[in-house]
Amino acid sequence: MALAVGMRVLTRALLRPWARGLRAAPGRTGPAAGGGDGVRCFRSPRVLVEPDPAAGVAVVKMRNPPVNSLSLEFLTELLISLEKLENDKTFHGIIITSDCPGIFSAGLDLTEMCGRDPEHYAEYWKAVQEMWLRFYLSNLVVIAAINGISPAGGCLLSLTCDYRVLANNPKYAIGLNETLLGIVAPFWFKDTLVNTIGHRSAERALQLGLLFPPAEALRVGVVDQVVPEDQVQSTARSVMAQWLDIPDHARQLTKILMRKPTADRLLTERDADIENFVRFICKDSIQKSLHAYLEKLKQKKG
Ligand SMILES: CCCCCCCCCCCC/C=C/CC(=O)SCCNC(=O)CCNC(=O)[C@H](O)C(C)(C)COP(=O)(O)OP(=O)(O)OC[C@H]1O[C@@H](n2cnc3c(N)ncnc32)[C@H](O)[C@@H]1OP(=O)(O)O
């Protein structure tokens, strides 16, 4: 008992620095509907939260069609959903997945990085940093049930999770492919990949902008498990049950021990990172290539 209380105090002390200043900005979430068992269901236009209070788990479904691109509004809604779940003692784990068929997330929203003013770029980048920090350091067990393609920022979101299950579909691929767009993955994207697959594999993947199909993703370690498409959610559930069997405080402290140095690096260089991003994204050459890339995506259909 005394040990459990001591662990709780220690956990709070360790988590406190990240809790401060990392609160999600108020956004357009809909009213929380009271569940019959007292557990709140969260609704927002782009994030659907399906709570399973008996299991202590919530499924967070991304639904920002057509491709779950991580726009400013969508990021804000995701962060608010995460914060609500973290603040509700019912939940110990979340499964993040997509409600858009065939697409987990197309990554950062290119329209947020193209043709806007420097203030907007700064605001957007701060939200991207926030998403990474909050998911990477979440005290909840976070499992990605990856049911679609997941390039760049979509891959980053998966990499913040504790475990990744990918659907075995040859159309799906996952990776940090920024160089293919002529942009550079920031140091914290790189650090997260290095922590997941090791330095050599990360260097090769980043320089070549590799998007790994399922078998390759499993081999290199970008994902932990590849399963038939219709088993992605059930696999994520059973993995979650294993993780939730571990004493929560011990697991949370271990997560922080493993991730703190990586998160600290961004926390200490956060403003400089925003300035770098704004300087980089404002360059004429970068704007031109992002614009051309967006046009190419749009013309693909026609
Ligand atoms: C030492 C120097 C250091 C300097 C440091 C500075 C640091 C700065 C670095 C900056 C780094 C920035 C990091 C960025 C990471 C990212 O995440 S960038 C985004 C990368 N994402 C992609 O490349 C994916 C692009 N999309 C696709 O490939 C395809 O859309 C798809 C495979 C996901 C889905 O294909 P399909 O189902 O055929 O749909 P589409 O017809 O292609 O798309 C439908 C619709 O969505 C629009 N769209 C697609 N992706 C995005 C996106 N990421 N953002 C915004 N919009 C997107 C697409 O244009 C279509 O729009 P319309 O319906 O035609 O209007």
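Numbers below:
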{"item": "Gain in span if fully extended, LYS300 to GLU275, counting 0.36 nm per residue against the direct Cα distance", "result": "5.7 nm"}
{"item": "Whichever aspartates and glutamates have a C-alpha closer than 18 Å to that of LYS84, once near sequence neighbours (fewer than 8 apart) are set aside", "result": "ASP37, GLU50, ASP52, GLU73, GLU130"}
{"item": "Förster radius 25 Å - calculated FRET efficiency between SER285 and ARG265 (Cβ-Cβ, nearest 0.05)", "result": "0.35"}
{"item": "Alpha-carbon radius of gyration plus Dmax, which is the widest Cα pair, for the stretch 189-302 in Å", "result": "19.2, 54"}
{"item": "Residue-normalised accessible area of the stretch 43-300, given per residue in Å² at a 1.4 Å probe", "result": "42"}
{"item": "Bridge type composition, the stretch 43-300 - antiparallel percent by DSSP, nearest 5", "result": "25"}
{"item": "Rg/Rg_ref, the stretch 78-227, where Rg_ref = 2.2 N^0.38 Å and atoms are Cα", "result": "1.02"}
{"item": "FRET efficiency estimate (nearest 0.05) - Cβ-Cβ, PHE187 to GLU86, R0 25 angstrom", "result": "0.45"}
{"item": "Under the span-like rule (Cα at least 24 Å along the axis, Kyte-Doolittle mean at least -1.0), DSSP H helices of the chain", "result": "2-19, 118-136, 248-268"}
{"item": "FRET efficiency for LEU257 and GLU203, using Cβ-Cβ distance with R0 set to 25 Å, rounded to 0.05", "result": "0.50"}
{"item": "Integer Hz, Karplus 6.51/-1.76/1.60 couplings in order for the stretch 177-186, x for Gly and Pro", "result": "9, 3, 4, 5, 8, x, 10, 10, 5, x"}
{"item": "Helical mean residue ellipticity (222 nm; -39500 (n - 2.57) per DSSP H run of 4+; nearest 500) of the chain", "result": "-16000 deg cm²/dmol"}
{"item": "Stokes-Einstein D in µm²/s, Kirkwood radius over Cα pairs - the stretch 53-106 at 37 °C with 0.692 mPa s viscosity", "result": "278"}
{"item": "For the chain: relative contact order, % (alpha-carbon pairs under 8 angstrom, 6 or more apart)", "result": "16"}
{"item": "The stretch 152-166 - phi-based ³J(HN,Hα) in whole Hz, Karplus 6.51/-1.76/1.60, Gly and Pro as x", "result": "6, x, x, 5, 4, 4, 4, 5, 6, 6, 7, 7, 10, 10, 10"}
{"item": "Convex hull per residue volume in Å³, alpha carbons only, for the chain", "result": "137"}
{"item": "Qualifying lysines (Cα of each under 25 Å from Cα of LYS288; at least 8 residues distant if same chain)", "result": "LYS126, LYS190, LYS296, LYS298, LYS300, LYS301"}
{"item": "Descending principal axes extents, the stretch 130-203, alpha-carbon based, whole Å", "result": "34, 30, 23"}
{"item": "Point-to-point label distance, ASP52-GLU229, nm (Cα→Cβ direction, 7 Å offset)", "result": "2.2"}
{"item": "Overall dimensions of the stretch 186-247 as given by Cα atoms, namely Rg and Dmax in Å", "result": "14.1, 40"}
{"item": "Placed amide H near GLN225: partners under 5 Å, 5+ positions off or other chain", "result": "ARG164, LEU166"}
{"item": "In Å, descending, principal axis extents of the Cα set of the stretch 98-137", "result": "33, 28, 10"}
{"item": "For ILE96, distant residues with modelled amide H under 5 Å away", "result": "VAL60, ILE143, ALA144, ALA145"}
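The values are calculated or read from the model by the stated rules, or taken from the named source; none is laboratory data. Predicted model, so just to flag it, every value in this text is computed and none were measured. No Cβ is skipped: glycine too gets one built from the backbone with ideal geometry, and neighbour counts run over all protein chains shown. Keep in mind that these areas ignore ligands, DNA and RNA; they rest on the heavy atoms of the full protein, side chains included. Shrake-Rupley method; radii C 1.70, N 1.55, O 1.52, S 1.80 Å.
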